[in-house]
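Only the coordinates and a few stated rules stand behind these numbers; no lab work does. For clarity, every value in this text was computed on a predicted model and none was experimentally measured. Reconstructed Cβ throughout: ideal geometry from the backbone, glycine too, with neighbour counts over all protein chains shown.
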Amino acid sequence: MSGEAENNGKTAIVPLLNPSAGEQAATASVLEDMQKASLETRQPEPAVALFSWEIDPPDLIKLISEMMTLPMILWSTGISLTYSLWLSSLLPARETIGSIKQSADYA
């Protein structure tokens, strides 16, 4: 089999034609230029801060207003719920009981 060679029990394809010395030199110079270019363009990346204490004034105002409105929302919801539970626990007024009895008698 021409063009193939045995290497550690595996078959590898080897080209039949050997490149000329000029092609080898050109390939080597292109590879060197590529390595130099990659080394020149590669710069260390700046360290990224995971947390910053610097807060913009608009963000700070928004945060403060949200923190102040949350207790008011919870308080008003609690008051509404307490009021509705208190109303549901009250007995109906005597006039209402009388009108219910009268409507039951007519039915």
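Key figures for this structure:
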read-out: Neighbour net charge for residue 29 - beta-carbon separation under 14 angstrom, K R +1, D E -1; value: -2
read-out: Distance between modelled label sites at residue 27 and residue 81, nm, 7 Å Cα→Cβ extension; value: 7.7
